[in-house]
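Heads up, the thing below is written out as structure tokens.
The values are calculated or read from the model by the stated rules, or taken from the named source; none is laboratory data. For clarity, every value in this text was computed on a predicted model and none was experimentally measured. Backbone-built Cβ (ideal geometry, glycine too); neighbour counts: all protein chains shown.
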Amino acid sequence: MNLNNIMNDLEKKHPGESEYLQAVREVLESINEVVNENPQFDSAKIIERLVEPDRILMFKVSWLDDNGDVQVNLGYRVQFNNAIGPYKGGLRLHPSVNLSILKFLGFEQIFKNSLTTLPMGGAKGGSDFNPKGKSDNEIMRFCQAFMLELWKLIGPETDVPAGDIGVGGKEIGYLFGMYKKLARENTGVLTGKGLGWGGSLVRPEATGFGGVYFTKEMLKTKGDSFEGKTVTISGFGNVAWGVALKLNELGAKVVTISGPDGYVYDPEGISGEKVDYLLELRASNQDIVAPYAEEFPEATFVPGKHPWEVKCDIAMPCATQNELNGEDAANLIKNGVQAVAEVSNMGCTPEAVKAFHNNKIPFGPGKAVNAGGVAVSGLEMTQNSMKLNWSAEEVDAKLHQIMTSIHEAAVKYGTEEDGYINYVKGANIAGFLKVANAMLDQGVI
Ligand code: 2IT
């Protein structure tokens with residue numbers, strides 16, 4: 001594979017799509033060696049076929065706000081690759097959403113889903129709709145208008161969307177209601193459903209719990225554990241909540257959360273009712289964490305900054321892409337960080353990842369660390385197919401086993417000569433091989 005030629009070609013075809021090009025470059029750099037050792041991939045043009053989505057649906061979403069005014073948004077679904085199973089991936093509702101972001105997320109999803117060991121292809125979708133400050137009725141009308149277009153492309157054996165930033169149980173409910181009406185069927189077409197109508201226990205906690213299980217395995221390779229560790233996390237949504245819950249259970253102390261307005265530092269630790277409060281913050285449909293410091297006076301609100309300046313043993317970004325840069329990484333390293341695990345998708349910039357690698361800090365990439373969310377989505381699909389529900393213990397045990405197996409796969413392909421585990425390389429190679437071999441088996445299509 002000529003990496004530079006492929007990247008140059010892609011940059012020419014998709015100028016300015018920086019997140020997408022960043023995600024592709026990272027994967028190609030780490031699989032380069034494996035592709036060169038397997039000429040069959042090159043002759044079938046596996047890489048050239050893998051880096052472009054199978055198709056993209058882009059549509060207009062018109063809806064009425066509470067004043068009766070017409071609002072217009074853009075909606076998207078990027079179906080990237082279905083070599084190993086139906087397209088699968090979340091829907092993101094955020095004003096920053098554009099094709100570059102959804103293509104990076106869809107591309108990452110291919111490898112993440114492959115790592116879970118479950119049969120799921122990669123996709124992503126969403127809209128530049130901003131849920132912040134919207135009423136429930138406005139969110140419902142938007143979701144219904146969005147599904148009026150999306151339903152034509154999806155189905156329980158074709159493409160199964162779920163939540164991402166801005167899409168939780170409430171939005172999945174509105175989307176499901178409209179799909180059901182249009183398609184005249186009640187099937188597991190979406191995951192993250194309510195528990196009374198096809199949802200799986202542990203799905204809301206799964207991304208966070210899975211992230212902690214993976215990081216626990218990372219620490220274990222050093223003979224270490226979470227007990228007594230100080231952890232900085234970012235974000236305050238579903239993912240940060242699940243991470244905080246599990247970290248407390250394992251004896252760690254969570255000292256930060258964050259939003260676009262800044263971060264909160266709570267030296268006493270975010271546990272008990274304070275973790276529950278994260279859900280209240282999220283339900284308020286506001287992008288702010290400042291109220292936390294008003295509610296709990298031992299905490300300080302630091303406006304306009306990221307939590308990576310706070311001294312910690314372990315850092316776990318849980319918010320959004322490129323939220324931890326080279327300077328943040330240098331700060332963490334200076335303060336003695338022992339491990340970094342991305343729970344957000346591509347939470348760290350390439351400069352930050354390079355700094356962790358150069359300093360031999362164990363670094364877990366998002367596609368491995370946060371795969372627990374989509375893994376339990378896969379388990380929700382299985383339960384829907386069987387028309388049976390598993391207990392929370394059963395789902396959690398399967399999630400735990402999946403995260404351990406992802407860690408094992410990353411160790412297998414990512415261990416370097418000096419014993420340092422390059423989890424980025426390991427996860428990318430393990431995720432890639434399964435998809436590439438499936439594409440080879442299925443011919444040129
Ligand atoms: O980034 C992700 O893996 C998700 N937003 C979850 C996707 C899913 O289909 O559960």
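Report, by residue number, each residue of the range 329-343 that is surrounded by fewer than 22 Cβ atoms within 10 Å (Cβ to Cβ) and not hydrophobic (A, V, I, L, M, F, W, C).
The answer is N331, K334, N335, G336, Q338.
Select from the range 360-419 the residues that are within 20 Å of V343 (Cα to Cα) and among the hydroxyl-bearing types (S, T, Y) and write down the one among them that is nearest to the chain's Cα centre (by Cα).
Applying the filter and picking the extreme gives S377.
Taking only the range 216-228 into account, find how many residues are closer than 15 Å to S271 by Cβ and either of a type in the set (G, A, S) or touching a helix residue (DSSP H, G or I) at 6+ places or on another chain (Cβ under 8 Å) (or both).
We begin by selecting, within the range 216-228, every residue closer than 15 Å to S271 by Cβ; these are 226-228.
This time we only want the ones that are either of a type in the set (G, A, S) or touching a helix residue (DSSP H, G or I) at 6+ places or on another chain (Cβ under 8 Å) (or both), so: 226, 228.
Count: 2.
Hey, could you check the range 41-56 for residues that are assigned to a helix (DSSP H, G or I) and of a type outside the set (A, V, I, L, M, F, W, C) and say which is surrounded by the fewest Cβ atoms within 10 Å (Cβ to Cβ)?
Restricting to residues being assigned to a helix (DSSP H, G or I) and of a type outside the set (A, V, I, L, M, F, W, C), the top hit is S43.
Taking the stated definitions as given, is F301 over 28 Å from F214 (Cβ atoms), out of contact with any Gly (no Cβ under 8 Å at 6 or more places or on another chain) and in contact (Cβ under 8 Å) with a residue 12 or more places away in the chain? Even if it seems obvious, please write down each step before you answer.
Values: over 28 Å from F214 (Cβ atoms): yes; out of contact with any Gly (no Cβ under 8 Å at 6 or more places or on another chain): no; in contact (Cβ under 8 Å) with a residue 12 or more places away in the chain: yes.
Spelling it out, it is not the case that F301 is over 28 Å from F214 (Cβ atoms), out of contact with any Gly (no Cβ under 8 Å at 6 or more places or on another chain) and in contact (Cβ under 8 Å) with a residue 12 or more places away in the chain.
Can you tell me which residue is farthest from G122 (Cα to Cα) among those in the range 89-101 that are in contact with a helix residue (DSSP H, G or I) (Cβ under 6 Å, 6 or more places away or on another chain) and of a type outside the set (S, T, Y)?
Here the answer is I101.
Go through the residues of the range 106-125 one by one and say whether even a single one is in contact (Cβ under 8 Å) with a residue 12 or more places away in the chain, acidic (D, E), within 26 Å of G347 (Cβ to Cβ) and not in a helix (DSSP H, G or I).
Among the residues of the range 106-125, not one is in contact (Cβ under 8 Å) with a residue 12 or more places away in the chain, acidic (D, E), within 26 Å of G347 (Cβ to Cβ) and not in a helix (DSSP H, G or I), which makes the answer no.
Output the helices (runs of 4 or more DSSP H) that fall wholly within the range 344-396 and possess 3 or more residues being surrounded by 24 or more Cβ atoms within 10 Å (Cβ to Cβ) and in contact with a Cys (Cβ under 6 Å, 6 or more places away or on another chain), or say none. Before you say what the answer is, go through the steps one by one.
Working: elements: 350-358, 366-369, 371-386.
No helices (runs of 4 or more DSSP H) qualify here.
Looking at the range 319-328, which of the residues that are within 20 Å of A240 (Cβ to Cβ) and more than 12 Å from the ligand (Cβ to nearest atom) is surrounded by the most Cβ atoms within 10 Å (Cβ to Cβ)?
Only one residue tops the list, namely L324.
Against the condition away from the ligand (no atom under 16 Å from the Cβ) and surrounded by 24 or more Cβ atoms within 10 Å (Cβ to Cβ), how does F142 come out, does it pass?
Yes: the conditions hold for F142.
Restricting attention to the range 356-372, which residues are away from the ligand (no atom under 16 Å from the Cβ) and either touching a residue at least 40 places away in the same chain (Cβ under 8 Å) or touching a strand residue (DSSP E or B) at 6+ places or on another chain (Cβ under 9 Å) (or both)?
Answer for the range 356-372, where residues must be away from the ligand (no atom under 16 Å from the Cβ) and either touching a residue at least 40 places away in the same chain (Cβ under 8 Å) or touching a strand residue (DSSP E or B) at 6+ places or on another chain (Cβ under 9 Å) (or both): F356, H357, K360, I361, P362, F363.
What's the total number of residues in the range 72-83 that are touching a helix residue (DSSP H, G or I) at 6+ places or on another chain (Cβ under 8 Å) and more than 14 Å from F107 (Cα to Cα)?
Result for the range 72-83: 3.
Looking only at the range 317-343, which residues are in a loop (DSSP other than H, G, I, E, B) and either of a type in the set (K, R) or without any contact (Cβ under 8 Å) to a residue 60 or more places away in the chain (or both)? Working first, answer last.
At the first step, the residues of the range 317-343 found to be in a loop (DSSP other than H, G, I, E, B) are 317-323, 325, 335-338, 342-343.
Correct list: N325, N335, G336, V337, E342.
Could you say whether any residue in the range 74-90 is more than 23 Å from D159 (Cβ to Cβ) and modelled with pLDDT of 95 or more?
Just the residues of the range 74-90 that are more than 23 Å from D159 (Cβ to Cβ), to begin with: none.
No: zero hits.
This table checks each residue for (1) buried (at least 24 other Cβ atoms within 10 Å of the Cβ); (2) within 12 Å of the ligand (Cβ to nearest atom); (3) part of a helix (DSSP H, G or I).
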position: K152; (1), (2), (3): no, no, no
position: V167; (1), (2), (3): yes, yes, no
position: G173; (1), (2), (3): no, no, yes
position: M178; (1), (2), (3): no, no, yes
position: L182; (1), (2), (3): no, no, yes
position: N186; (1), (2), (3): no, no, no
position: T191; (1), (2), (3): yes, yes, no
position: P204; (1), (2), (3): no, yes, yes
position: G210; (1), (2), (3): yes, yes, yes
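Inside the range 406-419, can you point out the residues that are exposed (fewer than 15 other Cβ atoms within 10 Å of the Cβ) and either closer than 20 Å to A375 by Cα or of a type in the set (S, T, N, Q) (or both)?
As a first pass, look at the range 406-419 and keep what is exposed (fewer than 15 other Cβ atoms within 10 Å of the Cβ): 408, 412, 416-419.
Listed by number, the list holds a single entry, E408.
Regarding the range 239-257, can at least one residue be identified that is of a type in the set (G, A, S), farther than 21 Å from K311 by Cα and crowded, with 23+ Cβ neighbours inside 10 Å?
yes
Looking at P156, is it closer than 20 Å to R55 by Cα, surrounded by fewer than 24 Cβ atoms within 10 Å (Cβ to Cβ) and within 15 Å of the ligand (Cβ to nearest atom)?
Working: closer than 20 Å to R55 by Cα: yes; surrounded by fewer than 24 Cβ atoms within 10 Å (Cβ to Cβ): yes; within 15 Å of the ligand (Cβ to nearest atom): yes.
When the stated conditions are applied, P156 passes them.
Would you say I233 is away from the ligand (no atom under 16 Å from the Cβ), of a type outside the set (D, E, K, R), within 23 Å of R92 (Cβ to Cβ) and touching a residue at least 40 places away in the same chain (Cβ under 8 Å)?
Spelling it out, I233 is indeed away from the ligand (no atom under 16 Å from the Cβ), of a type outside the set (D, E, K, R), within 23 Å of R92 (Cβ to Cβ) and touching a residue at least 40 places away in the same chain (Cβ under 8 Å).
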